[in-house]
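The values are calculated or read from the model by the stated rules, or taken from the named source; none is laboratory data. Here the structure is a predicted model, which means the values were calculated and not measured. All Cβ positions, glycine included, derive from the backbone under ideal geometry; neighbour counts span all protein chains shown.
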Amino acid sequence: MLKTNKLFFGGDYNPEQWSKDVWKQDIQLMQKANVNLVSLGIFSWAKLEISDGDYQFEWLDEVMDLLHASGISVDLANATASPPAWLSSKHPEILPVNFDGIRLEFGGRQAYCAASTVYKQKAAQLTEKLAERYAKHPAVVMWHVNNEYGCHAPYCYCDASRDAFIGWLKNKYTSIEELNTSWGTDFWSQRYYNWEEIPAPKRTPDGTHPNPGAQIDYRRFTSDITLDLFKTERDIIKKYDKVNPVTTNFMSMKFTHAMDYFAWAKEVDFVSTDHYLAQHDIENHIDLAQMADLTRGFANGKQWLLMEHSSSAVNWQPRNYAKTPGQEKRNAMSFVARGSQGAMYFQWRQSQAGSERFHSAMVPHAGEDTRVYREIMELGALLNEHPDLANYETARADVAMVYDYEQMWAMMQDNLPTEDVSYPETVAAWYRALYKEGISVDFVSADVDLTTLKGYKLVLMPMVHMLSDPQEQVFTNYATNGGNLVVGYFSNISDRTLRVKLGGYGGALVKDVIGVYVEEFYPFREATVELSNGYQAKLWGELSRLNGAELVAEFKTGQALGSVAIAKRKLGSSTAWYQGTELTDDSQRAFFRGIAADLGIQATGLESTEVVKRGPYQIEIDHKANTVKVTKS
């Protein structure tokens, strides 16, 4: 957990892009806006090491001293996110190879292979130099390793990666035979007789795809080997600085999926994240709230830090809409309400050149006489008024939703019953329905323990496709010992190796505990299908029947006519529901509204108004009226 006696406010600072005269202006504007923290040096490797072993720290010394003298703290990065041109020119083998076997070129960022020995050595050397030099600098209050791991080229398929993958497999499986069983390699004559026969799962002939078990293991391997990079650099820093915390910024956004952040969260001193809105989405404040709640889930309910978001438009969406007046304040305070220890941005001053020159900043191209900077000052003043907010956690919700990166990896594969369903979209739909009903949500991983689950009145499992036997037993024990559970369609279909559980889809959790026997999947041909009880469904149906459950709704039209769409079963003092379809937004709200009423789950906000409690504080954000209210009881 990040302990602080104030809320942090600031952003990425890139003084190497500007003259020293601008540095002085920056300091004055930072002080005017109540900026108290900047992230420094994130993309500075080429300025810190101008050739192999030639380190130049004088400019950074000057900036660090200037910031400290001005009362501004530093989140110091070790600059390993973007290797310099001289390194990839001298060692092109550090560059990543994509799914098609093509080596990617220098010129973007994150152009490195996580398995590259050369990259790891050079990154470690730079980290050592920085940590040794700045560990005792009074400006430093935290360390920032790399940047947004896995954002641009997470999966490398070069020979070094393939060799590392084989080593990872040898640690995971006790024998090649166990691997063959796990992956089902007798299909398509894929059986391996020694480890060296195993390829990296690159592109295969048209109309075919790499083995599903190999694919998901490669994603696990990638998250693990990249995490090893972080831990190596983290441990170097800790050798010199045993006081200040070390983190790396996650990317809590719906479309990011390469790293398993629940696993990563165990290795950082505090969770930090970046989040950027999809401005084409008129309800993007709901996505923001979902991802803030998810980040708090990574942090196990503790405080965390928003390390980056935007003051207005970004530069990488098809249409980069600017934020509307007041939107930035609402966005930032929603993060703070949901556990962030402040609001940080990319970046402080908008760049004149480079790929992100049209990405907004705290100080725009037009300077300080702008709406953006005036709103930045207003937000800085608000955060400065309530420093003790940082001392409190966001109130625990009554509802927990299971979120698991491996489910997303499984659902991203080909050859599923339909390409129309989406794990992140289904999770978002369930969250959106609860948000509009004013019901708060915590997120937990599929590896959650029973003690944690027992703290919730209701646990939701949207499309949790894979469960190990021990995981399935945890949710079974929760449901049969007083916990209320909703299991979504296409859940518990396989174990964690992607081998299908036989004897009725959904395994014992759906068939025996809830009591619905699912025989076959019926993806819809129709846009929507009518259900009984006034519900509407889309995308997905099933051939199914009751096996001890009570019918809530059945399919009234379409191929699944007469089959179970929604069922429930009383399990002593609790109830378990099965939702065997994707409900339309209005129907999903109605379904959850009824459950909440049955269980006595109280709403706080409603529709466009969110009300979140954090200790004695209540933060009320009305997205329709464009207002933010912070009160302390």
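Among residues of the stretch 134-177 being among the small types (G, A, S) and surrounded by fewer than 17 Cβ atoms within 10 Å (Cβ to Cβ), the one that is farthest from R219 (Cα to Cα) is S175.
Looking only at the stretch 496-509, decide whether some residue is under 19 Å from D586 (Cα atoms) and of a type in the set (V, I, T).
At the first step, the residues of the stretch 496-509 found to be under 19 Å from D586 (Cα atoms) are none.
Within the stretch 496-509, not a single residue is under 19 Å from D586 (Cα atoms) and of a type in the set (V, I, T).
Picking from residues in the stretch 223-257 that are touching a Phe, Trp or Tyr at 6+ places or on another chain (Cβ under 7 Å) and modelled with pLDDT under 95, the one that is farthest from M142 (Cα to Cα) is H257.
Tell me, which strands (runs of 3 or more DSSP E) lie completely within the stretch 5-88 with 3 or more residues that are surrounded by fewer than 16 Cβ atoms within 10 Å (Cβ to Cβ) and in contact with a Gly (Cβ under 9 Å, 6 or more places away or on another chain)? Walk me through it before giving the result.
Details: elements: 8-13, 37-40, 49-51, 73-77.
Per the criteria, no element qualifies.
Looking only at the stretch 445-470, which residues are hydrophobic (A, V, I, L, M, F, W, C) and in a loop (DSSP other than H, G, I, E, B)?
We begin by selecting, within the stretch 445-470, every residue hydrophobic (A, V, I, L, M, F, W, C); these are 446, 448, 450, 453, 458-461, 463-464, 466-467.
Result: A446, V448, M463, V464, L467.
Scan the stretch 182-217 residue by residue and report those that are polar (S, T, N, Q), surrounded by fewer than 13 Cβ atoms within 10 Å (Cβ to Cβ) and outside any loop (DSSP other than H, G, I, E, B). Correct list: S189 only.
None of Q121, Q125 is out of contact with any Ser or Thr (no Cβ under 8 Å at 6 or more places or on another chain), closer than 23 Å to S223 by Cβ and modelled with pLDDT of 95 or more except Q121.
Could you go through the stretch 226-242 and let me know if any residue there is within 30 Å of A135 (Cβ to Cβ) and assigned to a loop (DSSP other than H, G, I, E, B). I'd like the intermediate steps shown before the answer.
Of the stretch 226-242, the ones within 30 Å of A135 (Cβ to Cβ) are 226-242.
Going one step further and asking which of them are assigned to a loop (DSSP other than H, G, I, E, B), we end up with 241-242.
There is at least one residue in the stretch 226-242 that is within 30 Å of A135 (Cβ to Cβ) and assigned to a loop (DSSP other than H, G, I, E, B).
Residues in the stretch 366-399 that are assigned to a loop (DSSP other than H, G, I, E, B) and β-branched (V, I, T): T370 alone.
Taking the stretch 318-365 on its own, how many of its residues are assigned to a strand (DSSP E or B) and either under 30 Å from T631 (Cα atoms) or in contact with a Cys (Cβ under 9 Å, 6 or more places away or on another chain) (or both)?
Taking the stretch 318-365 and keeping what is assigned to a strand (DSSP E or B), we get 340-345, 349, 363.
With either under 30 Å from T631 (Cα atoms) or in contact with a Cys (Cβ under 9 Å, 6 or more places away or on another chain) (or both) added as a condition, the list becomes 340-345, 363.
Total satisfying the criteria: 7.
Exactly one residue out of W45, W59 is among the aromatic types (F, W, Y) and either under 20 Å from Y119 (Cα atoms) or modelled with pLDDT under 95 (or both): that is W45.
Among the residues making up the stretch 477-521, those that are in a strand (DSSP E or B), crowded, with 16+ Cβ neighbours inside 10 Å and more than 31 Å from the chain's Cα centre (by Cα) are V516, Y517, V518.
Of note, F298 satisfies the criterion of being of a type in the set (F, W, Y), crowded, with 19+ Cβ neighbours inside 10 Å and farther than 20 Å from P387 by Cβ. Condition check for W168 on (1) outside any helix (DSSP H, G or I); (2) touching a helix residue (DSSP H, G or I) at 6+ places or on another chain (Cβ under 6 Å): one failure, at (1).
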